[in-house]
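Reading through the structure tokens given below for one structure.
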Amino acid sequence: MTHESPPRAWVEVDLEAIAHNLKMARQIAGEAQLMPVVKANAYGHGMEAVARRLDSEGIAAFGVANVGEARRLELAGLMTRPFILGPTLPEEREEIVRHGWGCTVSSVAEVEHFQRLGELCGRQVTVHMAVDTGMGREGFLPSELSEVAQLILSKDHVKVEGLMSHFPAADEDEGFTRAQAQEFASCAEQLRSSGVPLRYCHISASAGELVGAAKGMNMVRPGLMLYGVAPVPASVELRPALRLYSRVVLVRELPAGHGVSYGRTWVTPGSTRVATVGIGYADGWQRSLSGQGVWVYIRGQFCPMLGRVTMDQIMVDVTAAPTAAAGDEVELIGPHLSVQQVAERAGTIPWEIFTGLGTRLPRVYRSALS
Ligand SMILES: *Cc1c(COP(=O)(O)O)cnc(C)c1O
């Protein structure tokens, strides 16, 4: 580690694991194109590093959440075009048009705005029409499509390049998801027959792809699975790409009856060896993990976390690891502790644990984790 201030906590990322997971996503996707989703700093893994690693893997676009993220990819000098997944704000659109980034439209107002910007910038704007088949977050309603298609066909600066939608329950409701996929396919059919050429049709994120809900669509948008976590049982081997470490900063012996951390929710039942570890909720080690029977891994031993998570530190019972000392490495997510377990204990999902990992944590890239 070569950081000026010795880090108390850091994230290790294996970019080769992400490349492997992309290969697995491609295997399942068959002929379909891939749009790896790298929004939210590549789910905490570091957007530029991840995108650089995947840029030459023959992918169609990078999925991002906003213009700021698209700009970061642009500055990184990548070949692959960013695609803004969600609705865009009016003030984001000129930059989108000038760079030729991909984006969605969900309303007539957006189509008209892009037409005006296309004229202004002397550019043909390529958009993907979003259709709301059940997510309730963006898109035209299926019943509006044919009218909108006619409108778009009349706009000479707006060209529809694709149709997109999103599954709200691919991991929870097979019947609904199947019906939704059918409706999406018939929307695509309807648009094509009314003269809208669709180069790309896409509806699946990781779960939809893994449950095979969108056979016949020619693009998929894997996010979580690229980072090695399967939201539903997977038929392929995914490799976790991220480890979270901290270090012991202090070890003390506390006498019986001594409170540990805010609120004194935990009191030593007897003399206890307590380590203070340099990670807290400001790093994304969520406060909701307090009192949930969470363990960390120190010197080959699972050690229970004690009391509440504080902003910069947690306390851990190292009675099982009597030689633990200041400076020791502490695994919080890694080979012994999965992000799924952490998420469950925190009452949340792996996506939120990953994206909550703080900016204070240096990202360290290791090509082959042991
Ligand atoms: C975030 C996102 C994805 C990726 O989702 P995962 O579940 O992480 O695979 C795909 N599509 C859209 C529209 C998204 O917002």
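Send over a whole-number figure in Å² for the accessible area per residue of the range 62-174, probe 1.4 Å.
Values: 5000 Å² over 113 residues.
On a per-residue basis, 44 Å².
Kindly state, to the nearest 0.05, the FRET efficiency for residue 109 paired with residue 302, given R0 = 45 Å and r defined as their beta-carbon distance.
Details: r = 55 Å, r/R0 = 1.23.
Once rounded, the FRET efficiency stands at 0.20.
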**OP:** State whether the range 220-289 is rounded, prolate or oblate according to the following rule on the C-alpha gyration tensor (a ≥ b ≥ c being the square roots of its eigenvalues): a/c under 1.5 gives rounded; otherwise a/b larger than b/c gives prolate, and the remaining case gives oblate.
**Re:** prolate
Original post:
What net charge is computed for the residues neighbouring residue 87, neighbours being all others with C-beta under 9 Å from the C-beta of residue 87, Lys and Arg scored +1, Asp and Glu -1?
Top reply: -1
**OP:** Report in % the part of the accessible area of the range 1-67 that belongs to carbon and sulfur, leaving out ligands and nucleic acids; probe 1.4 Å.
**Re:** 44 percent
Original post:
Based on DSSP, what percent of beta bridges with both residues in the range 1-156 are antiparallel, to the nearest 5?
Top reply: 0 percent
Original post:
Just by accessible area at a 1.4 angstrom probe, what is the order of 271, 143, 165, 106 from largest to smallest?
Top reply: 143, 271, 106, 165
Subject >> Karplus 3J(HN,Hα) series, Hz, for the range 90-96 with 6.51 cos²θ - 1.76 cosθ + 1.60 (x for Gly, Pro) >> reply: x, 6, 7, 6, 5, 5, 4
Original post:
So how do 283, 317 rank on accessible area, 1.4 Å probe, biggest first, that is with the largest at the start?
Top reply: 317, 283
Original post:
In degrees, nearest 10, range 0 to 90: what is the angle between the Cα axis of helix 174-193 and the longest Cα principal axis of the chain?
Top reply: 30 degrees
Original post:
Among the GluC sites (Glu not before Pro) within the range 130-220, which fall in a DSSP loop and have no more than 13 other Cβ atoms within 10 Å of their own Cβ?
Top reply: 172
**OP:** Mind checking the range 190-232 for trypsin sites (Lys or Arg not before Pro) that DSSP puts in a loop (not H, G, I, E or B) and that have at most 13 other Cβ atoms within 10 Å?
**Re:** 215
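To the nearest whole percent, what portion of all C-alpha pairs in the chain is separated by more than 30 angstrom? All intermediate terms of the calculation are to be shown ahead of the outcome.
On the way: 31307 of 68265 pairs.
In whole percent, the share of Cα-Cα pairs in the chain beyond 30 Å is 46.
The values are calculated or read from the model by the stated rules, or taken from the named source; none is laboratory data. Note that this is a predicted model, so its numbers are computed, not measured. Reconstructed Cβ throughout: ideal geometry from the backbone, glycine too, with neighbour counts over all protein chains shown. Please note that ligands, DNA and RNA were not included when accessible areas were found on the heavy atoms of the full protein model with its side chains. Shrake-Rupley method; radii C 1.70, N 1.55, O 1.52, S 1.80 Å.
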